[in-house]
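The values are calculated or read from the model by the stated rules, or taken from the named source; none is laboratory data. Small disclaimer: the values here were computed from a predicted structure and weren't measured. Please note: Cβ atoms are built from the backbone with ideal geometry, for glycine as well, and neighbour counts cover all protein chains shown. In case anyone asks, the SASA skips ligands and DNA or RNA and just uses the protein heavy atoms, side chains included. Shrake-Rupley method; radii C 1.70, N 1.55, O 1.52, S 1.80 Å.
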Amino acid sequence: MLNIPFSKVTCSGSELKYIKKVLKSGWLTTAGVTQEFEKQFAQKLGVKYACAVNSCTAALHLGLEALKVKSGDKVFVPAMTFTASAEVIRYLHADPVILDVDYDTRILTPEILKQAIVNHPDVKVLIIVHFGGHPADMLGEDGILEICKKHGIRIIEDAAHAFPTRMGDQMIGNIGDITCFSFYANKTITTGEGGMLTTNDEDIYRRVKVMRLHGINRDIWDRFTSDKPSWEYDVIAPGYKYNMPDINAAIGLAQLEDYDKFHLGRLRAVEFYRKELRDIEGVDLPECLVPFEDHAWHLFPIVLTQESNIDRNVFIEKMALMGIGTSVHYKPLYRMTYYRERYDLKPSDFPNSENLWQGTVSLPLFPSLKIDELRFICSSIKAILKEARIKVSTL
Ligand SMILES: *Cc1c(COP(=O)(O)O)cnc(C)c1O
C-alpha cells in the first residue's frame, strides 16, 4: 500500500540557508528580508506594491479596512469558500451577502453578480475568490471589473489559491485594486504562515502598511535605518499586529525561486487526472475555461454525482483505507452554524453550491506527486466506483 497525503510541502531549495542567515543576523522580525520578499513577489506579478503580512486573513481584513468598510455595510462573498473570506467582514461589523457560484468552476460569475446587484443595490464591496487557482471572469466588457465599476462597487480578490494565475498577459495580483494571497503551509507557495496584499494604488498601500503594524506611521525597520532618532514614532490609528517576520520571509524567498517548478509539477499531475478520469460515469471534473497553464491548480476537486451511486463520505473513507488522503472544498458558508443562524440561510437558495457540496472531493495535488502514485489514486477511484455500480446492479 502506498501512503499518499492530500497535500505535501516542497522545501527543496534554499529555505534552510536563508533561515540560517536570518538567525545569524540577529534580526528576526520584519526587516530587510521581508522587504526583499515583497519586492520580488511584486516583480513576479508586475504590480507596483506588495505588503507582506502574517496571513491571507490579515490581508483581507486590511483590504476591507483600507476601503473604509464599516458597521452596517454589506459585502458580497461567494458561498464556496473558506470562512476567512467572510469572517473578515464581521471583524469590521459589516455583514456578508453570501452568493451562489457556478457549478463548473465554483466561481462567482458576472451573471450571478448582476442579479445580486439587482437584489441588493446597497452593497458596495465584493470579495471574489479565484477558486482553486482558476481566475474569475474579471476582464472584458462584461467582466466583473466593468460591472463593479458601473455600480460603484470596490473589489477585493481572495487569491489564496491563485499564485501563479494568469489572465491574458497579466497575472492575478495586478488586475484589481486589492489582491490577497496566502502562504499557509498547504498553499502553492508557503512561508509557514503568511500572506501578501498587492495593489497599484498608492493610498491603499500606505494605509495597509501603517495598519499592519499598530497604526505606527513608520515601520520599525525605517526607525532603525533612517536619520531620525529611532525612538520617535507616531500612532495615527488603532492598527493591528499583522507584520510578517523575516524568518518567514526567508522561506518565502526560497519558495519564489522554485514556484515555476512547483507549478509544472501541479500541471503534470492535473494532466494525468484529467486524462485518466475523463470518461468515468458519475464523476464531474473541474472545468478549466482559460488556457490550461494559466491556472494555478491549487486544487483538483471532483464531484461524485447521483450516477456514481456512492456517498461522498463513504468514498472518502474508502480512499483513506487505500492510504489516500483527500479533502473537501468546501462545506459552503450557509451550512456553517454561525452564518446559517445569523442570516437565516437555506440550502435551497444556493442550488449550484448545494450540488457541489453533496458530492465534492478534492484529490491529492502537490508538486512531488509521482506518476505511480497518480496511477494508484486513479485506479483506486475506478475500483471504488466500480464496486458501487456492481452493488446497485445486484440489488
Ligand atoms: C487558505 C485560505 C484563506 C486564508 O489564508 P490564511 O493565510 O490561512 O489566512 C483565505 N481564503 C481562502 C479561499 C483560502 O483557501
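Brief remarks on what is shown
- Scanning the stretch 76-106 for residues that are open to solvent by 30 Å² or more (accessible area, probe 1.4 Å) and within 14 Å of the ligand (Cβ to nearest atom) yields a count of 4.
- Among the residues of the stretch 155-194, the ones that are more than 8 Å from the ligand (Cβ to nearest atom), among the charged types (D, E, K, R) and surrounded by 24 or more Cβ atoms within 10 Å (Cβ to Cβ) come to 1 in all.
- Filter pass, Pro286 being at pLDDT 95 or above, assigned to a loop (DSSP other than H, G, I, E, B) and open to solvent by 60 Å² or more (accessible area, probe 1.4 Å): no
- Lone unmet requirement of (1) open to solvent by 10 Å² or more (accessible area, probe 1.4 Å); (2) at pLDDT 95 or above; (3) out of contact with any strand residue (DSSP E or B) (no Cβ under 8 Å at 6 or more places or on another chain) for Gly133: (1)
- Unmet criterion (only one of (1) within 16 Å of the ligand (Cβ to nearest atom); (2) in contact with a strand residue (DSSP E or B) (Cβ under 7 Å, 6 or more places away or on another chain)) for Ala42: (1)
- Of the helices (runs of 4 or more DSSP H) lying entirely inside the stretch 1-74, those containing at least 2 residues that are within 21 Å of Cys180 (Cβ to Cβ) are 32-45, 56-66.
- Output for the stretch 56-71, where each listed residue is within 12 Å of the ligand (Cβ to nearest atom) and either more than 21 Å from Ala84 (Cβ to Cβ) or open to solvent by 30 Å² or more (accessible area, probe 1.4 Å) (or both): Thr57
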